[in-house]
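Novice: Please see the structure below; I have some questions.
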Amino acid sequence: MDAHVFLALCRALTPRLTGAWLDKIQEPAPGVTSFALALPHVPHAGTTPSGASRKAWLVLRAGRKDPFLFLARDKPSAPPSPSAPVMRLRKYAAGRRILSLVPDFTGRRLWLLLSGEAPAGLAARAESDGPAVLWLLLDLREGPSLRLLGEDDQPRPEVLRWPEPAALEEACRNWRDWPVITPALRRVLPLMEPPDQAALLEDLRLGGGDVFLYRPVDDAGKPCAADVEPACLFGAWPLPPGRKPASWPGWRETAGEDVLALAEQAGKLLVLARVGRDAAGLAAVPLLRQERKTARLLDKMRDEEARLRDMCARRQDAEALRANLWRWAADARFPFVEVEEYAPDGSARTRRIDIDPRRSVREEMEALFHAARRGKRGLEHVARRRAELEETLDRLERERRAVLAGGAPRSDPKTSGVVLAEQADRLPRNVQLFISSDGFALLRGRDARGNGAARRMAAPHDIWLHADGGPGSHVIIRRAYAGQEVPERTLDEAGGLAACKSWLRDAARARILYAEVRHIKPLRGAAPGTVRMDKIWLSREVPVRPELETLLAPAPAATERESLERVHTT
């Protein structure tokens, strides 16, 4: 995030966050921190289908590469166990009010003055002896931290020096003396004409201008998958012609003065979608380890099976010796013997059989028969064990792919539908897979236990559906990240799938309840699949269309191209 767009964001955040209360602090991923806020007013807190909300989440991804800050209207998913730094932030900052905000342009930092007295644990380690106040520092490079500052150390609004248009070229050469000439600005100014350079500099100085969001699109103008790097570009000036990233076939521009809304769109792509992919990978690591261990055991079983088959094959040597025992004395010993073997067509060939020097020919024959019997018994045991390992390996692979496909958000609904379509046979048997016309993956339980399995595969921000007023199957709409918009067509199709397997299956229209998975709780001691809905996200009446079960079912043997064409069909 360039310092200029960071400053524009801080200016927009100041009236929104002044007077807000800090609630829970979470860590969705390493380096990513979210601050739950109770805003003092409704603007930009967002409205949900069930009414207005004053909740918002300030999300910070810190680091030397691609740091970002944005205000989200939907709660980001987070693991239950926070790190020690986040626990420290919770201890001293949660439950306090934000009194004021002071942006630091040069350092790309945002100071938040918190209400209340200085905590005793921090006051004992304060650098100054006089009265001090508590500040929450959001540093795009180092991350969040708490600072107890005295009166003389309080952050002050920064006064920026701007070069005159005539001195702009000199300022670009001596950019260390001009903090406003940021690295991103130095790269774009040489691509502009002098009048455009002066106009851009004036817009940045005055503030309040448009910000620009660019997303990659394919040749048909459709958005590319979010795993295309970079997922988007967000800046305080237009992207010069011909300067798109090499990985982009093309781009789509969205410009406007609402920096908070555009920063939220960029943050979902740059931060939340990546957090979801990382979470899916981490969740699949234990299963991948077990899968590799089982695969190694299976390889050993195959080697053992080959050894036992070789033992069984020795029976042919034993039978050949038995057929020719009349030729040798009972205690005859030879290093090897040669016998004649006759094929079914009557042709003969000479067969050489090596004899153990410690045995006679008769003893060698008995030893070969004994080894063949042991090999046969061992093959029966190894075959059972190999079948068990193959079943375990298949189960682990199915569970791992289910975690990647359904237990954590995918990069993009257009691609997640295709991936799930190719893996439909690897999902739990009591969970059905469908793909909406907009490319969203839909999971439906076949029975009560399947309802629970589908819910366990879902991420907290996924959408859960159920027919209102009676029994029915649970349906999950997979979302790539918290707050991703679900088209009305997908909502209707998912609702229709829920109605087709409910007490309303014979009705023309059905009332469907929608909720985020994080608000669905299983009832302890109740029958499988019984849940409690703590908060309704949406209540919607949809048409009951039994043909959806056929239209939206993925073809098991479809190729990737056929699946993509199916997903993109409108």
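Novice: Report the relative contact order of the range 291-402, percent, no decimals, based on alpha-carbon pairs under 8 angstrom and at least 6 residues apart.
Specialist: 39
Novice: If you fit an axis through the alpha-carbon atoms of helix 194-206 and take the longest principal axis of the Cα set of the chain, what angle between them do you get, 0 to 90°, nearest 10?
Specialist: Computed tilt is about 80 degrees.
Novice: Tell me, how many Å apart are the Cα centres for the range 212-253 and for the range 64-107?
Specialist: With the range 212-253 and the range 64-107 each reduced to a Cα centre, they are spaced 28 Å.
Novice: Loop-only trypsin sites (Lys or Arg not before Pro) in the range 230-315, please: DSSP not H, G, I, E or B, and at most 14 other Cβ atoms within 10 Å.
Specialist: Taking the range 230-315 and a limit of 14 other Cβ atoms within 10 Å, the loop trypsin sites (Lys or Arg not before Pro) found are R243.
Novice: Here's a follow-up. Measure nothing fancy, just the Cα-based angle from helix 84-93's long axis to the longest principal axis of the chain, in degrees from 0 to 90, nearest 10.
Specialist: The angle comes out at about 30 degrees.
Novice: Taking the Cα centre as origin and putting +1 on Lys and Arg beta-carbons and -1 on Asp and Glu beta-carbons, what dipole magnitude results for the chain, to the nearest 20 debye?
Specialist: 2180
Novice: For K300, list the lysines whose Cα falls under 27 Å from its own Cα; do not include residues on the same chain fewer than 8 positions away.
Specialist: Reachable lysines: K376.
Novice: Read phi for every residue in the range 384-397 and hand back ³J(HN,Hα) as whole Hz from Karplus 6.51 cos²θ - 1.76 cosθ + 1.60, θ = phi - 60°, with x for Gly and Pro.
Specialist: In residue order, the calculated couplings are 5, 5, 5, 4, 5, 5, 5, 5, 5, 4, 5, 5, 5, 5 Hz.
Novice: Continuing with this model, one more query. Taking only the C-alpha atoms, wrap a convex hull around the range 226-321 and report its volume per residue in Å³ as a whole number.
Specialist: Once divided by residue count, the hull of the range 226-321 is 143 Å³.
Novice: In the structure displayed, which of K24/K222; K55/K268; K65/K268; K24/K268 lie more than 27 Å apart, Cα to Cα?
Specialist: From the list (K24/K222; K55/K268; K65/K268; K24/K268), the Cα-Cα distance tops 27 Å for K24/K222.
Novice: So if I take the centroid of the Cα atoms in the range 331-360 and the same for the range 441-475, what is the distance between those two points in Å?
Specialist: 69
Novice: Where a ≥ b ≥ c are the square roots of the eigenvalues of the C-alpha gyration tensor, would you call the range 448-508 rounded, which needs a/c under 1.5, or, failing that, prolate if a/b is larger than b/c, or oblate?
Specialist: Here the range 448-508 falls in the oblate category.
Novice: Still on this model: Over the range 187-265, what is the mean sequence separation of C-alpha contacts under 8 Å (at least six apart), divided by residue count, expressed as relative contact order in percent?
Specialist: Averaging sequence separation for qualifying contacts and normalising by length gives 38 percent for the range 187-265.
Novice: Quick check: the angle from helix 273-323's long axis to the longest principal axis of the chain, C-alpha only, nearest 10 degrees?
Specialist: It is inclined by approximately 10 degrees.
Novice: Okay, helix-only estimate at 222 nm for the chain: each DSSP H run of n ≥ 4 adds -39500 (n - 2.57), divide by all residues, round to 500 deg cm²/dmol; what do you get?
Specialist: Computed ellipticity for the chain at 222 nm equals -11500 deg cm²/dmol.
Novice: Next up: Rounded, prolate or oblate for the chain? Axes are the square roots of the Cα gyration tensor eigenvalues, ordered a ≥ b ≥ c, and the cut-off for rounded is a/c under 1.5.
Specialist: Prolate shape, in that a/c is at least 1.5 and a/b is the bigger ratio.
Every number here is computed from the coordinates shown, using simple stated rules; none is lab data. No experiment lies behind these values; they were computed from the predicted model shown. When we count neighbours, we look across all protein chains shown, and the Cβ atoms used for this are built from the backbone with ideal geometry, even at glycine.
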